[in-house]
Amino acid sequence: MQQIFNFIFKNSNKLLFLLLLSVSLLLTIQSHSYHKSRIISSANFLTGGVYEEVNNVTEYLNLKSENDALALENARLKSIIFNTKDTTKVPIPQNLKGTAPEDIIVSKVIHNSYNTHENFLTLNSGANDGVKPDMGVINSLGIVGIVDKTSPKYATVVSILNTKSQINAKIKKSNHFGSLIWDGKNTGFVQLIDVPRLASVRKGDTIVTGGQSVIFPENINIGTINNIYIDNQTNYYTLNIKLFNDMTNLGHVYIIKSKDRDEVNNLEKETQKDE
Amino acid sequence: MNSTLLLNILRFILLLTLQIVIFNNMTFLGFIMPLPYILFIILYPVNSNRAALLISSFFLGLTMDLFSNSGGIHTTACLILAYYRPYIFKFAFGVSYEYQTIKLNESLTPERFTFILLAVVIHHFTLFILEAFQVSFILDILIRTLLSTVFTIISCIIIIYLIKPNKR
């Protein structure tokens, strides 16, 4: 017994070393086996707290790159938001005469300009979805514009708030036709020109699309008459029309395919040739 | 004696903080990291209690392992360095080192440099062997040991001669 104590006392350092070494080797070997979780890890109060404090300081050094990364992420997420059609199904209006539901493409405005004289919209549907130039674009409140150009995924639309757009329209109750233009002044109002003096117009009358063009079906709402002028040079009425649509705030729109368009165009061409 | 104990505790905490906050974030070429925290073992008083050195080295390494999620590699390396420290002393300063008053934090003589170099090499070699834990990585281990030793020694010498922790 005495000898054992003597041995322990003599070699106390060596024994202590071996004891601590075996513990540390155990920890090492244990950490190298994949199936067990580590006993010693930085997921605890002390190390977590220290790392959080250190990170509080070091994150300032990385703010620039972090901002860049976040901006990229934002751009990516925004492109996802703007490019996916909503999972909630947008109801297709049923009251469009002359169009079957399958002739309507639901789309979304991904860019909208209204602060210049020639305004265009960008939609997230394109040639892949069957959008072609000169298709009419409406929404639940009224007309929006006419498709100008298409790419495989996107389409641009000449807004009715474009000084170059001319759309055939009529007064709902009297069937007198005119041309719908925009004077480039107020985004809430468009002008219907060339309405014959014979027409009985009254303030508050509803203006709808006319049946003369093949772009829009007949009787799609546009707006109500707000002011009536008489053009001194031509003696036609010029009507100031308050739009039903808020053109500065557009979400989902419907693109209308006209089945008869090609047929009508061909017929008109042949008629002109014959003459 | 009391002031030596206090100094060592202070050194323990200070070096660990320095290592974790600053040097753990200083990586060269992605894998070379200076580890000047072993200065605690190097600068430990020559003729002090060996058991205390072993125990404090154990906890020094354990703290490093806690912060670097590395199991027990720092602990083992520190223990081995602490245990073989007297032999390194003997090699570097001659057999009668115990009777000399060795002050490492004075001007850099070849003996002192040899001691620091040997200590750092032993620690790092153990550390990287345990980190890789495979014989097939032996070339990688040697390269890491060599390069990290250079950076650790540079940082150690800078700390010793700039801060001079126990200047009297």
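The values are calculated or read from the model by the stated rules, or taken from the named source; none is laboratory data. As the structure is a prediction and not an experimental result, all values here were calculated from the model. Here Cβ is always computed from backbone atoms with ideal geometry, including for glycine, and neighbour counts include all displayed protein chains.
Can A:THR209 be described as surrounded by 13 or more Cβ atoms within 10 Å (Cβ to Cβ) and either in contact with a helix residue (DSSP H, G or I) (Cβ under 8 Å, 6 or more places away or on another chain) or among the hydroxyl-bearing types (Ser, Thr, Tyr) (or both)? So A:THR209 passes the test. Among the residues making up the stretch B:118-144, those that are more than 21 Å from B:PHE89 (Cα to Cα) and among the polar types (S, T, N, Q) are B:GLN134, B:SER136. Within the stretch A:222-275, take every residue that is of a type in the set (Gly, Ala, Ser) and surrounded by 20 or more Cβ atoms within 10 Å (Cβ to Cβ) and give me the one that is modelled with the highest pLDDT. The extreme case among them is A:GLY223.
If you filter the stretch B:41-96 down to residues that are of a type in the set (Ser, Thr, Tyr) and touching a residue at least 40 places away in the same chain (Cβ under 8 Å), you find that the one that is farthest from the other protein chains (Cβ to nearest Cβ) is B:TYR44. Considering the stretch A:172-275, the qualifying strands (runs of 3 or more DSSP E), each wholly inside and each with 3 or more residues that are assigned by TED's automatic domain parsing to the domain that holds A:VAL157 and over 33 Å from the mean Cα position of the chain (by Cα), run over A:221-230.
Scanning the stretch A:112-149 for residues that are in a strand (DSSP E or B), without any contact (Cβ under 8 Å) to a residue 40 or more places away in the chain and surrounded by fewer than 21 Cβ atoms within 10 Å (Cβ to Cβ) yields A:THR122, A:ASP148, A:LYS149.
It is to be established whether one or more residues within the stretch B:14-37 are among the aromatic types (Phe, Trp, Tyr), at pLDDT below 80 and either within 21 Å of B:SER148 (Cβ to Cβ) or assigned to a helix (DSSP H, G or I) (or both). Within the stretch B:14-37 (the criterion being among the aromatic types (Phe, Trp, Tyr), at pLDDT below 80 and either within 21 Å of B:SER148 (Cβ to Cβ) or assigned to a helix (DSSP H, G or I) (or both)), the answer is yes, since at least one residue qualifies.
Here the condition is being without any contact (Cβ under 8 Å) to a residue 24 or more places away in the chain and of a type in the set (Ser, Thr, Tyr); of A:SER179, A:SER200, it holds for A:SER179 alone.
If you take the residues in the stretch B:45-94 that are part of a helix (DSSP H, G or I) and of a type in the set (Val, Ile, Thr), which one is surrounded by the fewest Cβ atoms within 10 Å (Cβ to Cβ)? For the stretch B:45-94, the residue satisfying everything is B:ILE55.
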